[in-house]
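The values are calculated or read from the model by the stated rules, or taken from the named source; none is laboratory data. What you see is a predicted model, and the numbers here were worked out from it, not measured in a lab. In this analysis, Cβ positions are derived from the backbone assuming ideal geometry, glycine residues included, and neighbour counts consider all displayed protein chains.
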Amino acid sequence: MAAAADSFERALTLNPESVQAHYYLGNVMASVGRLDKAIEHFQQVLRIEPGFADARASLARALAMQKRMNRRTCGGKPPRLPVPPNPGLRLAILDYISLPTFTVHGASKPNVQA
């Protein structure tokens, strides 16, 4: 993939308006997880050739993947769980979460003793 990216980047130094080089470099960047760069290249394609349907679809996919990744990582912080408004419910949830667990046939269940 690095060789392909290098080839397309060289093509862009020779012709910065190359739709094909931007498009294929965007695909390479998306395939290696560099969604920010992929999005930039797809946007360049659409700036040069607004009717390029494959670039529009690729841009949409890259933006959706980026959104999912951002939602998953929340900017590098662990995601915040919603807090129930009822204080009694909050305590019940905290009690449930802090119960020791045991495994039954691969499934983890709370160890509730009567």
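At a glance:
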| read-out | value |
| --- | --- |
| Residues within the stretch 41-55 that are free of Cβ contacts under 8 Å to residues at least 12 places away in the same chain and part of a helix (DSSP H, G or I), tallied | 2 |
| Hits in the stretch 56-77 (condition: of a type in the set (K, R), in a helix (DSSP H, G or I) and at pLDDT below 80) | R71, R72 |
| Residues that are crowded, with 17+ Cβ neighbours inside 10 Å and farther than 13 Å from S58 by Cα, drawn from the stretch 13-33 | S18, A21 |
